[in-house]
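Participant: Sending over a structure as structure tokens; questions will come in a sec.
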Amino acid sequence: MSNSVVAGAIRWDAWYDPRDNSVFAQRSLSWEQYEGRAPAHCRVAADHKVTCVGTQETLDKEIREAASSGLKYWAFVWYGPNSSFRTAWNLYQSSSLRHMVGWCGIVTLDLLGSLPFKNGEWRNRMKEWAGYMSQPHYQKVTVNDAPVRPVLFLLWHPQDVKNYFADSVDNVRLALGYLRDLVKESGLDSPYIVILDGPEGASVTAECGADAISNYISGFRHEMVGPYRDLDRQTRAYWRTLAAAGVPIVPIAMVGWDTRARRAHPVPWERSESTAPPNLRQYYVLPEPAELGAHLQAAVDYIGRNARACPSQLLLIYSWDECDEGGGLIPTVEDPSGSYLSAIARVLR
């Protein structure tokens, strides 16, 4: 059953270049309690400061590790060309091994639209993505009789619709239609577009011309502390909640959720532990490898049993390297051999 599932993991690459906002993420792990979560290539100084510099060798090693675990693609969270968060993607593009693991984008609407929308800059952005989708290693799926549909995840924020699409979902539909035409002109099938907004995304899926819904993380209770089995159980229920929305889904699997490093040592875009309300201070104990393996097996089985709800057979995993949020598959300073990858390999290979 697992051979038909197209499993991929979210990449949020704050671990390749110690500048701009990556500095803050690395600083969040620069404490004895959390330093072990840093990716294995990072350096930890005697004063516990974490510094991460990724190279082509680093990225190539990650490709081999991901491929060996059975992952088929990485979903790169998209940033502008000058951001440190693009460094890993640039190295991926230059890798001679990139054919071993595909890629696709997780894109916010502000990076696809125009400000103002009427200036037409969105057309250039759609041309850019049509070009990416024509790459042989861009992730594609088979849905019904269409075997080469490039995958695109859209992080949906109503404020972005307001600012970059003149407050009109019809304009989003116009832009995505333009993307579809460009992709079809290149000889591929229509892109498979997934709205990341949970079940709420179902209402805009048809309106904007998307195909399915999912989310960046699953829905779960905000406990002060909980065992991984609680997160596992709630995530399995979340798949059913997504499917009940009545549109195709991409199940989201959870490696973990423990944001204490960020809350105690905040990044600029989030509140500190001391000022955050109780519902932001919760965490779940990270899983044992066997627990994670069982969770992935449940996701694979769910897709296999629910072909109508999951026609693309895509699985999205949170995450490859959200290390300061406690959800990373990547080998780390404290686990350089990658026990999580070994656990999921038994399911995905």
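The values are calculated or read from the model by the stated rules, or taken from the named source; none is laboratory data. Quick caveat: nothing in here was measured; it's all calculated off a predicted structure. When we count neighbours, we look across all protein chains shown, and the Cβ atoms used for this are built from the backbone with ideal geometry, even at glycine. Please note that ligands, DNA and RNA were not included when accessible areas were found on the heavy atoms of the full protein model with its side chains. Shrake-Rupley method; radii C 1.70, N 1.55, O 1.52, S 1.80 Å.
Participant: Between CYS104, VAL151, ASN90, whose Cα lies farthest towards the positive end of the dipole of region 76-213 when Lys and Arg beta carbons carry +1 and Asp and Glu beta carbons carry -1, centred on the Cα centre?
Facilitator: Towards the positive end, the residue furthest out is ASN90.
Participant: Quick one: dipole size for the chain, taken about the Cα centre, charges +1 on Lys/Arg Cβ and -1 on Asp/Glu Cβ, in debye to the nearest 20.
Facilitator: Charge dipole of the chain: 480 debye, to the nearest 20.
Participant: Given H placed on each backbone N at 1.01 Å, which residues far from ILE317 in sequence or on other chains put an amide H within less than 5 Å of it?
Facilitator: Distant-sequence amide H within range of ILE317: GLY8, ALA9, ILE10, ALA253.
Participant: Next up: Tally the DSSP beta bridges in the chain and give the antiparallel ones as a percent, rounded to 5.
Facilitator: 20 percent
Participant: How big is Rg to Rh over region 299-349, alpha-carbon atoms, Rh as the Kirkwood inverse-mean-distance radius?
Facilitator: 1.08
Participant: Next question, about the same structure. Given a Förster distance of 25 Å, report the FRET efficiency between LYS127 and SER337 from their Cβ-Cβ distance, rounded to the nearest 0.05.
Facilitator: 0.05
Participant: On full extension of the chain, what length is gained from HIS137 through LYS184, given 0.36 nm per residue of separation minus the C-alpha to C-alpha distance?
Facilitator: Computed gain between HIS137 and LYS184 is 15.2 nm.
Participant: I would also like to ask the following. With Kirkwood's inverse mean 1/r over C-alpha pairs for Rh, give me the Rg to Rh ratio of region 119-160, two decimals please.
Facilitator: 1.07
Participant: Still on this structure, I have one more. For region 1-140, what does the accessible surface come to per residue with a 1.4 Å probe? Please give it in Å².
Facilitator: I get 41 Å² per residue for region 1-140.
Participant: First compute the accessible area of region 1-108 with a 1.4 Å probe, then give the percent of it belonging to carbon and sulfur atoms.
Facilitator: That fraction is 53 percent.
Participant: Which percent of the accessible heavy-atom area of region 167-238 goes to carbon and sulfur, probe 1.4 angstrom?
Facilitator: 50 percent
Participant: In addition: Using the heavy atoms of the protein chains and a 1.4 angstrom probe, tell me the accessible area per residue for region 211-349 in square angstrom.
Facilitator: Each residue of region 211-349 exposes 38 Å² on average to a 1.4 Å probe.
Participant: Add -39500 (n - 2.57) for each DSSP H run of 4 or more in the chain, then divide by its residues: what number comes out at 222 nm, to the nearest 500 deg cm²/dmol?
Facilitator: Calculated mean residue ellipticity at 222 nm is -10500 deg cm²/dmol.
Participant: Now for a separate question. Projecting each Cα onto the charge dipole of the chain (Lys/Arg +1, Asp/Glu -1 at the beta carbon, about the Cα centre), which of LEU182, VAL333, CYS42 comes out farthest on the positive side?
Facilitator: LEU182
Participant: Something else about it: Give the longest segment of the chain that steers clear of chymotrypsin sites (Phe, Trp or Tyr not before Pro) in DSSP loops with at most 16 neighbouring Cβ atoms within 10 Å, not counting the sites themselves.
Facilitator: The answer is 32-268.
Participant: If you don't mind, there's one more thing I want to ask. In terms of the Cα gyration tensor, with a ≥ b ≥ c the square roots of its eigenvalues, is region 35-169 rounded because a/c is under 1.5, prolate because a/b exceeds b/c, or oblate?
Facilitator: oblate
Participant: For region 126-202, calculate the relative contact order in percent as a whole number, restricting contacts to Cα pairs under 8 Å that are 6 or more residues apart.
Facilitator: Taking the mean separation of contacting Cα pairs over the length of region 126-202, I get 39 percent.
Participant: Here's a follow-up. As an exercise, find the ratio Rg/Rh for region 1-64 from alpha-carbon atoms, using the Kirkwood inverse-distance average for Rh.
Facilitator: 1.09
Participant: May I have the count of lysine pairs in the chain with C-alpha atoms under 24 Å apart, counting pairs 8 or more residues apart or located on different chains?
Facilitator: 11
Participant: Output the antiparallel fraction of DSSP beta bridges having both residues in region 26-185, as a percent to the nearest 5.
Facilitator: 35 percent
Participant: Quick one: check the C-alpha center-to-center distance for region 195-267 versus region 48-67, whole angstrom.
Facilitator: Here the two parts' Cα centres lie 27 Å apart.
Participant: Tell me the volume per residue, in Å³, of the convex hull enclosing the alpha carbons of the chain.
Facilitator: 129 Å³
Participant: Then there is this: With an 8 Å cut-off on Cα pairs and a minimum separation of 6 or more residues, tell me the relative contact order of region 171-282 in percent.
Facilitator: Relative CO of region 171-282 lands at 21 percent.
Participant: Okay, next question. Please determine, in degrees from 0 to 90 and to the nearest 10, the orientation of helix 121-133 with respect to the longest principal axis defined by the Cα atoms of the chain, where the helix direction is its Cα long axis.
Facilitator: 70 degrees
Participant: Angle check, please: helix 228-244 long axis (alpha carbons) against the longest principal axis of the chain (alpha carbons), in degrees 0 to 90, nearest 10.
Facilitator: With rounding to tens, the tilt is 10 degrees.
Participant: Relative contact order for the chain using alpha-carbon pairs under 8 Å, separation at least 6, rounded to a whole percent?
Facilitator: With pairs under 8 Å counted, the relative contact order is 22 percent.
Participant: In the chain, which cysteines lack any other cysteine Cβ under 4.7 Å from their own?
Facilitator: CYS104, CYS208, CYS310, CYS323, each lacking another Cys Cβ under 4.7 Å.
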